[in-house]
Amino acid sequence: MAMDISTADKERSIIDSPEELDAGALFVLQSRGSWMHCGYHLTTSIVGPVIFSLPFALALLGWAPGVVCVALAALVTFYAYNLLSVVLEHHAQQGKRLLRFRDMARHILGPGWGKFFVGPLQFAICYGAVIACTLLGGQSLKFIYLPYQPNGRMQLYQFIIIFSTMPLILAQMPSFHSLRHVNLVSLVLCLAYSTCVTAGSIYIGKSKDAPVKDYSIDGSQLNRVFGAFNGISIISTTFGSGIIPEIQATIAPPVKGKMFKGLCICYGVIISTFFSVAISGYWAFGNQSKGTILSNFMGDEKPLLPNWFLLMTNIFTLMQSMAITVIYLQPTNEVFEKWFANPKMDQFSVRNILPRLIFRSLSVITATTFAAMLPFFGDIMALFGAFGCIPLDFILPMVFYNVTFKPSKHSIVFWGNTLIAVVSSGLVAVGAVASVRQIIIDAKTYSLFANV
């Protein structure tokens, strides 16, 4: 008991010493949350409409390899995120609580790793996710609009601008911790739309208008190989987070054991959503599964589901996209607070509120502009996923653990971590090549502000 009190006091002394923290850590990464709040944040950072691409990934891999890859990605990421948590807890107990991914890299691997590799990589991935979610939100609005106005003249970029008004407001919420209730609603929404997509796929698969179920993999041998690696990259990106240390930073000390409970909440949701959407979608549409299952629902000539059902599914998707957009703005917000806020003044003083309002608004406006200009951003995100999500979520946790705890080179832990890191590094290279190849193939269809 005395040891626990001492550890808790050590951790609190770090959090309660404003002079040791910059404004980004002090204002945005406030350590006031519980393990349940952590579970809400984790779920929102991982479970999103990107799971609608899982049937397409299975179409690239086939039944057995596809399901095995989804299961392996779930196991490896749960293990990797738990390793990150254990490393963070260890340093907190040593009196050095690390609040950001780049802080971990700098403290464990050296200053250059945090400044020139992990920091820029995390920033690119998170801001890329903001752009992608803004684009997805605009597409969801368009899906809601088209069944009622099939000859409507509104363009995709207009829907993107309309969608961005809500993230523009939510972006002003002062800290990561202040999003806890938003992320609880987000958790409920992802369960809701996953249920809708699963039910819709089963309904279509059993209806008289059901598409022919063909589970063969199309294309030449070369295309199938590249397609398989592209499918693995999609699955890996789907399980990515990239902000695990920042989420753990929101937990009130002592942190020991709380992140594991939060991960259990998150992966309970993951198991009930990822597998149901992937399996039901691929079962219904086979190798005709499109990049997002919602496109399959719209049919070639007419929607395959009632308009009210599509409307409900898209509203759930639209609302959760707002929460994901805001959670991935947090690393950007933290950097802006560090650069422009004064940690010696009150968080809600005019001196700190004004730059917060200006720079967070500019961040959302810039993301909206990119989303409207580049409606083919999904191809670019696949490349980002290969270069960013896999290193941050599959490789670095293994490296951090081995460097911090130095397990015996004869132990299963050391070689298991090394194997995961090496295989993941190979996936980065091959996934990047497959993503670039897909961008080249699709380049002829690209145009700025396209109405897709």
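The values are calculated or read from the model by the stated rules, or taken from the named source; none is laboratory data. These figures come from a predicted structure and were not determined experimentally. Positions of Cβ are generated from backbone atoms using ideal geometry, with glycine treated the same way; all protein chains shown enter the neighbour counts. All accessible areas refer to the heavy atoms of the entire protein, side chains included, with ligands and DNA or RNA removed. Shrake-Rupley method; radii C 1.70, N 1.55, O 1.52, S 1.80 Å.
Each residue in segment 244-263 was checked for being in contact with a Phe, Trp or Tyr (Cβ under 7 Å, 6 or more places away or on another chain), β-branched (Val, Ile, Thr) and within 20 Å of Phe394 (Cα to Cα), and 1 pass.
If you go through segment 84-97, how many residues are over 17 Å from the mean Cα position of the chain (by Cα) and either among the aromatic types (Phe, Trp, Tyr) or open to solvent by less than 10 Å² (accessible area, probe 1.4 Å) (or both)? Show your work before the answer.
Filtering segment 84-97 down to residues over 17 Å from the mean Cα position of the chain (by Cα) leaves 85-97.
Now restrict to residues that are either among the aromatic types (Phe, Trp, Tyr) or open to solvent by less than 10 Å² (accessible area, probe 1.4 Å) (or both): 85, 87-88, 92.
Number of matching residues: 4.
Residue under question is Ser241, and the condition is that it be in contact (Cβ under 8 Å) with a residue 24 or more places away in the chain and farther than 17 Å from Tyr79 by Cα; does it hold? In short, no. Taking the criterion of being surrounded by fewer than 24 Cβ atoms within 10 Å (Cβ to Cβ) and under 21 Å from the mean Cα position of the chain (by Cα), the only residue of segment 57-67 that qualifies is Val67.
Give segment 31-45 a look and list any residue that's among the hydrophobic types (A, V, I, L, M, F, W, C) and closer than 11 Å to Met259 by Cβ, or say none.
At the first step, the residues of segment 31-45 found to be among the hydrophobic types (A, V, I, L, M, F, W, C) are 35-36, 38, 42.
The answer is Trp35, Cys38, Leu42.
Any residue at all in segment 69-80 that is aromatic (Phe, Trp, Tyr) and either farther than 22 Å from Leu419 by Cβ or part of a loop (DSSP other than H, G, I, E, B) (or both)? Don't jump to the end; show me each part of the working.
Going residue by residue through segment 69-80, those that are aromatic (Phe, Trp, Tyr) are 78-79.
With either farther than 22 Å from Leu419 by Cβ or part of a loop (DSSP other than H, G, I, E, B) (or both) added as a condition, the list becomes none.
Scanning segment 69-80, I find no residue that is aromatic (Phe, Trp, Tyr) and either farther than 22 Å from Leu419 by Cβ or part of a loop (DSSP other than H, G, I, E, B) (or both), so the answer is no.
Only a single item in (1) more than 25 Å from Leu168 (Cβ to Cβ); (2) open to solvent by 10 Å² or more (accessible area, probe 1.4 Å); (3) touching a Gly at 6+ places or on another chain (Cβ under 8 Å) is not met by Ile293, and it is number (2).
Has segment 96-103 got any residue that is closer than 30 Å to Thr366 by Cβ, modelled with pLDDT under 95 and acidic (Asp, Glu)? There is at least one residue in segment 96-103 that is closer than 30 Å to Thr366 by Cβ, modelled with pLDDT under 95 and acidic (Asp, Glu). Selection within segment 19-50: residues that are open to solvent by 60 Å² or more (accessible area, probe 1.4 Å) and modelled with pLDDT under 85. The member of this set that is nearest to His91 (Cα to Cα) is Glu20. Could you tell me which residue of segment 219-266 is modelled with the highest pLDDT, considering only residues that are surrounded by fewer than 22 Cβ atoms within 10 Å (Cβ to Cβ) and aromatic (Phe, Trp, Tyr)? Here the residue is Phe260. For Asn287, the test of being surrounded by fewer than 16 Cβ atoms within 10 Å (Cβ to Cβ), of a type outside the set (A, V, I, L, M) and touching a residue at least 60 places away in the same chain (Cβ under 8 Å) is failed.
So that you can scan it fast, the table gives a plain yes or no per residue for (1) touching a residue at least 24 places away in the same chain (Cβ under 8 Å); (2) among the hydroxyl-bearing types (Ser, Thr, Tyr); (3) in a helix (DSSP H, G or I); (4) farther than 21 Å from Thr368 by Cβ:
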{"residue": "Asp103", "(1), (2), (3), (4)": "yes, no, yes, yes"}
{"residue": "Cys126", "(1), (2), (3), (4)": "yes, no, yes, no"}
{"residue": "Ile144", "(1), (2), (3), (4)": "yes, no, yes, no"}
{"residue": "Arg153", "(1), (2), (3), (4)": "no, no, no, no"}
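Just one of the numbered conditions (1) over 30 Å from Val118 (Cβ atoms); (2) open to solvent by 10 Å² or more (accessible area, probe 1.4 Å); (3) in contact (Cβ under 8 Å) with a residue 60 or more places away in the chain is not true of Tyr282: (2). The listed residues are Leu187, Leu136, and the only one of them that is within 18 Å of the chain's Cα centre (by Cα), among the aliphatic types (A, V, I, L, M) and open to solvent by 30 Å² or more (accessible area, probe 1.4 Å) turns out to be Leu136.
Screening segment 68-78 for residues that are within 16 Å of Ser241 (Cβ to Cβ) and touching a residue at least 60 places away in the same chain (Cβ under 8 Å) and picking the one that is most open to solvent (accessible area, probe 1.4 Å) gives Phe78.
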